[in-house]
Structure formats: structure tokens, C-alpha cells
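Below is one structure; the comments refer to it alone.
The values are calculated or read from the model by the stated rules, or taken from the named source; none is laboratory data. Computed from a prediction, not measured in an experiment: that's the story for all the values here. We place every Cβ from the backbone using ideal geometry, glycine too, and count neighbours over all the protein chains shown. SASA here: full protein model, heavy atoms, side chains in, ligands and nucleic acids out. Shrake-Rupley method; radii C 1.70, N 1.55, O 1.52, S 1.80 Å.
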Amino acid sequence: MNTVLPNLLVADVIETGLIPELHGFSSVRREVKYGTNSRVDFLLEDPTRSRCYLEVKNVHLMRRPRLAEFPDSVTERGAKHLDDLAAEVRAGARAVQLYIVQIPSADRFAIAHDIDPTYAAAFDRARAAGVEMLAWRCAVTVEGIELLAPVPIVAG
């Protein structure tokens, strides 16, 4: 799986409006500093809407049929990003954590609590604070990668 493509794919998708939650912003900036020494993947802005902080995670772990999971290893940085996104929501902005599932057969997504309980706790805190959690499945072929459809986020 390609770990660089998700952000390139999401940049294209923001422009096309495929993901309704990310549509309608007049400005899209990448790698903007925010939080506690963090950089958000995308900052979506429009004069008529709240700022939207968008973090993108690449998902390529499948231990059970049709269930994609994140993370595949301990990620202190990932947990920190979730806490930073939650802080932005508390300050009045929107924040979205988007999981790009590069497994075409996945029809569900879950947090791998057993791999990184700290990340799982940060996910729960962020979701409770109002961070929007989205997971989208891709078609991955030799010709390229294409975002297909959202998949539900379920308990692991």
C-alpha cells in the first residue's frame, strides 16, 4: 500500500466534492501549523463557515475478513493529533479525522485497541468532543487509486 497517495487523493477529492462533509470551502491549505507543535494535513476555510481541520490517516491493516483497522503500530503522534483536533473543536472550529482504507474488500473500519490502547483512548476522547470521524474505502489497481465509498466505523 502506498502511504503517500492518501493525501494526494484527498486533495483531489476536496476539489471534486465527493465527500459531502468536506465540500464547499473556498480555501484549502496544506500542512498548516496548529495545536501543540502539530501540522494539520488540510485546513479548509470559507468566510461563511467555521474553519475545518482535516487530518488524514492511511489504513492498510486487515486481520479479520472485511474489517480494516488503524493503527497498525503504536502511534503517539496519531494520538496527539486527535487531542489537538479535539481542542480545535472545543475552541469553536470543526475537525475531521479521515481514514483512507486502501483495502478494496473492507466494508467496515475499527480502531485496533489491542495494538495501541493510548490511540484508542484518544479516538474516544476526540469523538466525544465532536471530532467527526470518517472512513472511506478505495479501489487500488495498477492504474491508480480511487475513492469509492464510505464504510461504517464499528467497535473493534
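Candidates Leu8, Leu18, Leu44, Leu61: the one that is among the aliphatic types (A, V, I, L, M) and in contact with a helix residue (DSSP H, G or I) (Cβ under 7 Å, 6 or more places away or on another chain) is Leu44. Considering only segment 136-156, I want to know if a residue exists there that is closer than 18 Å to Arg39 by Cα and open to solvent by less than 10 Å² (accessible area, probe 1.4 Å). The answer is no, given that none of the residues of segment 136-156 is closer than 18 Å to Arg39 by Cα and open to solvent by less than 10 Å² (accessible area, probe 1.4 Å).
Among the residues here, Glu132 does not qualify as open to solvent by 60 Å² or more (accessible area, probe 1.4 Å) and not small (Gly, Ala, Ser). Summed over segment 106-147, the residues that are in contact with a Pro (Cβ under 7 Å, 6 or more places away or on another chain) and of a type in the set (A, V, I, L, M) give a count of 6.
Out of all the residues in segment 66-73, is one or more more than 29 Å from Glu146 (Cβ to Cβ) and charged (D, E, K, R)? Checked against the condition, which is being more than 29 Å from Glu146 (Cβ to Cβ) and charged (D, E, K, R), segment 66-73 yields no hits at all.
Answer yes or no as to whether Lys57 is in a strand (DSSP E or B), closer than 23 Å to Asp84 by Cα, among the basic types (Lys, Arg) and free of Cβ contacts under 8 Å to residues at least 12 places away in the same chain. Write out each step before concluding.
Numbers: in a strand (DSSP E or B): yes; closer than 23 Å to Asp84 by Cα: yes; among the basic types (Lys, Arg): yes; free of Cβ contacts under 8 Å to residues at least 12 places away in the same chain: no.
In short, no.
The residues in segment 33-58 that are among the aliphatic types (A, V, I, L, M) and either over 16 Å from the mean Cα position of the chain (by Cα) or closer than 16 Å to Met133 by Cβ (or both) can be counted, and the count is 3. Scanning segment 86-121 for residues that are closer than 24 Å to Leu67 by Cβ and hydrophobic (A, V, I, L, M, F, W, C) yields a count of 13. The requirement of being assigned to a strand (DSSP E or B) and open to solvent by 60 Å² or more (accessible area, probe 1.4 Å) is fulfilled somewhere in segment 98-121, by at least one residue.
Scanning segment 1-30 for residues that are under 20 Å from Ala126 (Cα atoms) and of a type in the set (D, E, K, R) turns up just one, Glu21.
Taking segment 1-51 as the range and being β-branched (Val, Ile, Thr), part of a loop (DSSP other than H, G, I, E, B) and open to solvent by 30 Å² or more (accessible area, probe 1.4 Å) as the test, the residues that pass are Thr3, Val4, Thr36, Thr48. The residue of segment 21-41 that is farthest from Ala95 (Cα to Cα), among those that are out of contact with any helix residue (DSSP H, G or I) (no Cβ under 8 Å at 6 or more places or on another chain) and among the acidic types (Asp, Glu), is Glu31. Within segment 84-97, the set of residues being touching a strand residue (DSSP E or B) at 6+ places or on another chain (Cβ under 9 Å), charged (D, E, K, R) and in a helix (DSSP H, G or I) comprises Asp84, Glu88. Among (1) of a type in the set (D, E, K, R); (2) open to solvent by 60 Å² or more (accessible area, probe 1.4 Å); (3) in contact with a His (Cβ under 9 Å, 6 or more places away or on another chain), where does Lys57 come up short? Answer for Lys57: the failing condition is (2).
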